[in-house]
Amino acid sequence: VSTEVDLVPELRVEAGSGSYPVLIELGAVDRVGEWLRQHAGGSKVMVVCDANTAAVAGERVAEAARAEIHTVPPGEQSKDVPHLEELSRAAARAGLDRGSIIVAVGGGVVGDLAGTLAATYLRGVRLVQVPTTLLAMVDSSIGGKVAVNLDEGKNLVGAFKPPQAVFIDPGLLIDLPVREFVSGMAEVIKSGLIADAELCTMLHNARVELQQRRPDVVTDVITRTCAVKVGVVSRDETETGERAILNYGHTFAHALEAASGYSPALTHGEAVSVGMGVAARLGQASGVTPSDVVELQAHLLAAYGLPSRSPVEVATDELIGAMAHDKKARAGEVGWVFLEAVGRASWGHAVAIEHVRDAVETAL
Ligand SMILES: NC(=O)c1ccc[n+]([C@@H]2O[C@H](COP(=O)([O-])OP(=O)(O)OC[C@H]3O[C@@H](n4cnc5c(N)ncnc54)[C@H](O)[C@@H]3O)[C@@H](O)[C@H]2O)c1
Ligand SMILES: [Zn+2]
């Protein structure tokens with residue numbers, strides 16, 4: 001008997017690889033344990049978290065689900081093959097079987113690591129995502145992409161692993177460090193700019209309440225932002241087309257992150273913020289992005305304390321080189337995502353390298 005209807009999700013991903021609910025509500029984390037006990041049958045459940053998210057929610061979820069719990073150190077360094085091996089062996093020792101469920105309680109690091117485990121252990125067991133950072137709530141927990149890093153590059157070993165369900169509890173964000181919250185806001189602003197003009201208006205009008213993390217306002221904003229991703233992923237799960245718009249600002253952002261050696265002085269959101277500035281200027285120079293859109297974007301990003309210039313020093317040539325190496329760049333030509341209006345984006349724009357160089361120079 002399926003109890004999924006009991007979740008009454010506002011959002012549901014309907015994609016080729018399956019359909020799953022995205023439940024967004026204050027207190028959602030307290031419903032995970034019972035849901036797991038109902039769905040695991042007699043099989044073991046394993047909660048994966050990091051040392052911070054264990055205290056935020058992991059221990060609570062594991063206790064309510066009567067699950068095994070496995071904790072990794074916080075930070076991007078845990079998203080690697082050695083930790084995947086450690087978790088796989090822990091799963092084997094704990095006796096997880098084909099009916100088991102892996103639960104990721106954490107940010108994008110834990111979600112990607114536990115997701116890769118769920119995609120590969122016994123050739124795949126079920127996965128539930130309980131995101132605890134703003135970025136994970138609005139971005140990484142939805143869409144089914146999971147991966148771990150190699151020394152040779154980020155996200156090189158991974159899979160498509162849609163979860164059974166995503167439980168989003170905005171109340172968990174109360175103690176998220178400001179820098180992490182602001183980083184997640186870059187993805188929120190991006191989502192408004194590419195697909196939801198009304199979200200942009202909300203972000204402008206409610207900026208004080210949002211920065212104070214007023215639970216009702218945060219919940220509304222997360223719900224609207226998730227709706228953008230759920231819609232795009234449902235229409236184009238495997239990124240043959242529209243899903244590319246989610247990469248707005250990311251062509252530059254990924255290159256900046258790589259060229260700076262993934263410096264802790266640069267968050268992903270900061271890189272995306274600078275990258276959206278570059279994309280807006282290129283879009284304007286190409287005659288696709290109107291100047292008032294460029295201005296509104298700059299204004300919104302600044303209002304949330306997001307930068308227009310890189311906070312780390314990187315040479316232009318190094319950045320251009322890193323851009324050419326981006327795994328999404330085809331045959332050296334980067335397909336840019338541009339805004340056509342507030343709330344509307346198009347993808348696959350080619351830009352001459354001299355123009356890219358000019359725009360990049362103004363951002364470094
Ligand atoms: N799979 C995807 O589609 C996708 C999309 C975007 C990003 N990502 C990946 O996500 C990762 C980044 O995720 P992130 O930004 O969530 O970082 P993260 O998982 O490292 O979390 C950031 C920090 O916040 C702490 N934390 C988490 N929740 C907290 C809470 N509620 N209260 C207090 N502290 C908390 C964590 O312990 C960590 O120290 C990257 O590896 C990136 O590649 C994946
Ligand atoms: Zn991103």
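For the chain, lysine pairs with C-alpha atoms less than 17 angstrom apart, excluding pairs fewer than eight positions apart on the same chain, total 12.
Computed extension gain for GLU340 through ARG37, at 0.36 nm per residue and net of the alpha carbon distance, reaches 104.4 nm. At q = 0.20, 0.21, 0.26 Å⁻¹ the log10 of I(q)/I(0) for the range 232-321 amounts to -1.01, -1.07, -1.23, computed by Debye summation with a single uniform scatterer per C-alpha, solvent ignored.
For the chain, the fraction of C-alpha pairs farther apart than 40 angstrom is 11 percent. For the chain, the longest principal axis of the C-alpha atoms and the axis of helix 178-195 are separated by about 70°. Just the number, please: carbon plus sulfur as a percent of the accessible area of the range 32-113, 1.4 Å probe, no ligands or DNA/RNA counted. Carbon-and-sulfur percentage of accessible area, whole number: 48. Taking label points 7 Å from Cα along the Cα-to-Cβ direction, THR238 and ALA285 give a separation of 3.6 nm. For VAL103, the residues whose modelled amide H falls within less than 5 Å of its own, excluding neighbours fewer than 5 places apart on the same chain, are MET46, VAL47, VAL48, VAL128.
Within the accessible surface of the range 159-260, defined with a 1.4 Å probe on protein heavy atoms only, the carbon and sulfur portion equals 50 percent. Within the assembled protein chains, the solvent-accessible surface assigned to ASP175 is about 130 Å², based on a 1.4 Å probe.
On the beta carbon distance between GLU198 and ALA92, with R0 = 56 Å, the FRET formula returns roughly 0.70. If you bin every alpha carbon distance in the range 89-141 into 5 Å steps from zero, what whole percent lands in each bin? P(r) for the range 89-141, in whole percents per bin: 5, 24, 28, 21, 13, 7, 2. Extending 7 Å from Cα along the Cβ direction at GLN77 and again at ARG207 yields two label points whose distance is 3.7 nm. Nearest 10 degrees, 0 to 90: what angle lies between the long axis of helix 81-94 and the longest principal axis of the chain (Cα atoms)? Once rounded, one gets 20 degrees. Could you list log10 I(q)/I(0) for the range 166-307 at q = 0.10 Å⁻¹, which the Debye formula gives when each Cα is one point scatterer? Here the Debye-derived log intensity ratios amount to -0.34.
The values are calculated or read from the model by the stated rules, or taken from the named source; none is laboratory data. Only a predicted model underlies this, so the values are computations on that prediction, with no experimental measurement involved. Positions of Cβ are backbone-derived with ideal geometry, glycine not excepted, and every protein chain shown enters the neighbour counts. The accessibility values were calculated without ligands, DNA or RNA, using every heavy atom of the protein model including side chains. Shrake-Rupley method; radii C 1.70, N 1.55, O 1.52, S 1.80 Å.
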